[in-house]
Amino acid sequence: MSRNMLNGAQVIVDYLIQEKVPHVFGLCGHGNIQFIDALYERSSEIKTISVHHESVAGFMADVYYRVSGRPTATFTSCGPGSANLPISLANAFLDSVPFMAITGNVPTSQFNRGAFQEMYRHYQADFPSTVRTMCKKVFQPTRGEMVPLAIRQAWKTMVTGRPGPVVVDVPFDVFMEAAAEEAPKASEWSANISSRCGADPDGVEKAVDMLLAAERPVMLVGQGVRYGGAAEELRKLAERLQVPVAASASGLGALDVSHPLALGLVARAGHYQANHAARQADVLLALGVRFDDRTSSSWIPGYSFTIPPTRLIHVDIDPEEIGRNYPVALGLMADVRTFLRQVHAELDRRDNIFRKSDARKKWLAQIDGYRKEWDKFVAPGFSDDTTPINPQRAAAEIDKALPEDAILVSDIGVHHNWLLGFCKPKRPDSLIGSMGFGPMGFGVAGVMGAKFAAPDRPCVSVCGDGAFFMHANVLGTAVEYNLPVVWVVWNNYAYASIRGLQRGYLGGRELATDFKHPETGERYNPDFAAMARSCGVEGVRVDRAGDLGEAIRKGIAANRPYLIDVDIAADVNPAGAGVWELPGLGQSKAGIGTRFQPG
């Protein structure tokens, strides 16, 4: 290789540095040692974070973006190393989160020879087929000179349109081959591309006409508002037109939940005021939301939505999501922040935007009544002082203990439903969860990505005992990099959300969902606090609700890795105003209110 030529690995690293990627998360293997060596050469400009399981790297990169708004990268080796990554890739893909996965593969000279860790039975070096359904695109340069094109196209694909992860699968020898005299200039290829497309101007006028004519309007916000940077425009529009705002689980926090116009969560376990307002709306403006089964009460009319007769305005950057699950009165492909700015500009041109003000006041007064009913319905759980701890009380104590700038990263499980119901996120990144793919381990590992993204903010993970035990290797990583994160292990000695389904749909025929000691039959789990201490992490046990908040405050103040093992009751599931159906097994019942029947 000529001395003035960069090899494939050096081109990739240089491009990441140009794109201001501060960290790469990953795990070594023989297939990526040349890439790691290229990182070593530039270690003063880009930091390498080594983890103990590849999916952890992906979850960290995922949450890093959700907090910072900047994509980062992962590195994994051929065979099982990269095969551990698809869970976190799919999670990012379904939640529209970009990161670049750089995966090693066997040398091109060994393609289709069955070399160590080669996937070759159907097609040579065929890791790309493993992940094609789990990312926006896979790039596999097979010569050094192909790397510059692959890396710049991969970055552009990742961040334009609907964001999502990409995979750059690089054979061992391609990392080493001469690739170019210099890497592509990111400032020329990616920096000047904007995907913040606006809506059709006629469509904007129609949307404004529909909103102004509505007597019972509701806005529904999803993740597109939170991570599209549209929170401020949303708040201004809600206040300007006095339109209440409901949120999907992925949109919660786009508007401060304590805001008078915030309705809270629309879902199968949604807040009564949110579900009951959304299902009665005459016009529903949906912004960056997918209408999945949990948000939409399994699409059964009258619980979350009643579309039609509700007239739906659906705005999304991905036209595939518009009209997927509900017919639209108006569908607009647009970046939601750009669209909201267009709406404000259109309102500036209108003379009488308050002609329905009396109807709006009546509508908001009705909603206040629904809110009072909900508050009365949930009040007993806040004062329950039983042991194990009432889960609703636990969620409320966690919320009260967190500073206003804290980042709460939830794992998947029954605890996530409690947090969504009873935490009160004030900003778009106050409560982060996984709502598309729903992999266990997302919050256990992702909290470390949050801390790298926001080192000056408290970062707390609430994770189930099942998920934490799957990914307890994070304890070592937190110690190695001195990450002062706090894990709150929601310990209910079961895969409790699934056990709840066995009880609710299968007549209590429970199997493979409880953790029990083989001799005594008593509930069993490892001593997670002791496990943490054995790794050099401070670990404590809490079994009283009154002690939980103080334990969290101490954990944050310790400014070191900290674990709180919390004994939580598993016999209560969150109830709300919606339902959920498992086809063939039936549907659940709403905890409050009845199915809305339009007049």
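Work through the residues other than GLU510 whose Cβ is under 10 Å from its Cβ and net out their charges, Lys, Arg +1 and Asp, Glu -1. Taking every other residue near GLU510 into account, the sum is +2.
Tell me, what is the FRET efficiency for ILE33 and LYS361 to the nearest 0.05, using R0 = 60 angstrom and their Cβ-Cβ distance as r? Computed FRET efficiency for ILE33 and LYS361: 0.35.
Once you've got the Cα coordinates, tell me which of LYS20/LYS47; LYS156/LYS185; LYS361/LYS426 are over 19 Å apart. All intermediate terms of the calculation are to be shown ahead of the outcome.
Working: LYS20/LYS47 11 Å; LYS156/LYS185 13 Å; LYS361/LYS426 25 Å.
The answer is LYS361/LYS426.
Projected label points at ARG121 and THR387, each 7 Å from Cα along the beta carbon direction, are separated by 5.3 nanometres. Partner aspartates and glutamates whose Cα lies under 15 Å from the Cα of LYS362, excluding those fewer than 8 positions away in the same chain, are identified as GLU215, ASP282.
Rolling a 1.4 Å probe over the protein heavy atoms of the range 347-454, with every protein chain left in place, gives an accessible area that is 51 percent carbon and sulfur.
A 1.4 Å probe run over the protein chains yields, for the range 344-463, 40 Å² of accessible area per residue, whole-number rounding. Compared with the dominant principal axis of the Cα atoms in the chain, helix 391-401 is inclined by about 70°.
In the range 344-412, which GluC sites (Glu not before Pro) are in a loop and have at most 11 other Cβ atoms within 10 Å, using DSSP for the loop call? The partial results should precede the final answer.
Details: sites: GLU346, GLU373, GLU397, GLU404; in loops: GLU404.
Passing sites in the range 344-412 are GLU404.
Whenever you get a sec, compute what percent of the accessible area on the range 66-180 sits on carbon and sulfur atoms (1.4 Å probe). Walk me through the numbers on the way to the answer.
On the way: 2280 of 4330 Å².
Carbon-and-sulfur percentage of accessible area, whole number: 53.
Qualifying trypsin sites (Lys or Arg not before Pro) in the range 52-123, where qualification requires a DSSP coil assignment and no more than 16 other C-beta atoms within 10 Å, comprise ARG113, ARG121.
Here LYS424 is the anchor, and the lysines within straight C-alpha reach of less than 24 Å, apart from those fewer than 8 places off in the same chain, are LYS236, LYS372, LYS376, LYS400, LYS451, LYS554.
Here the extension length gained between LYS185 and ALA530 equals 119.2 nm, from 0.36 nm per residue of separation less the Cα-Cα distance.
Rolling a 1.4 Å probe across the protein heavy atoms gives the range 248-334 an accessible surface of 28 Å² per residue. In degrees from 0 to 90, rounded to the nearest 10, what is the angle of the helix 442-453 Cα long axis to the longest principal axis of the chain? Tilt relative to the chain: about 70 degrees. Report the paramagnetic label zone for ASP351: residues of the range 184-215 whose backbone N is under 14 Å from a point 7 Å from Cα along the Cα-to-Cβ axis. No residue passes the distance filter.
If we count every other residue with Cβ under 15 angstrom of ILE300's Cβ, Lys/Arg +1 and Asp/Glu -1, where does the sum land?
Numbers: positive: ARG268, ARG279, ARG294, LYS589, ARG595; negative: ASP292, ASP293, GLU581.
Cβ neighbours under 15 Å give a net charge of +2.
Annotation for the range 459-547: trypsin sites (Lys or Arg not before Pro) lying in DSSP loop with at most 10 further Cβ atoms inside 10 Å of their Cβ are ARG509.
In whole percent, and with a 1.4 Å probe on the protein chains, what portion of the accessible area of the range 552-597 is carbon and sulfur? Working shown, then result.
Numbers: 1140 of 2320 Å².
Carbon plus sulfur share of accessible area: 49 percent.
Structural descriptor for the chain: relative contact order 14 percent, calculated from alpha carbon pairs under 8 angstrom and at least 6 residues apart. What the Cα atoms of the chain give is an Rg and a Dmax of 24.9, 78 Å.
Between ASP202 and LEU501, the simple label model (points 7 Å from Cα in the Cβ direction) yields a spacing of 4.6 nm. A straight line joining the Cα centroids of the range 376-443 and the range 126-151 runs 39 Å. Accessible area per residue for the range 481-551, computed on protein heavy atoms with a 1.4 Å probe, is 51 Å².
The values are calculated or read from the model by the stated rules, or taken from the named source; none is laboratory data. What you see is a predicted model; the values in this text were computed from it and never measured. Virtual Cβ from ideal backbone geometry, glycine too; neighbours counted across all protein chains shown. Calculation scope for accessible area: heavy atoms of the full protein, side chains included, ligands and nucleic acids excluded. Shrake-Rupley method; radii C 1.70, N 1.55, O 1.52, S 1.80 Å.
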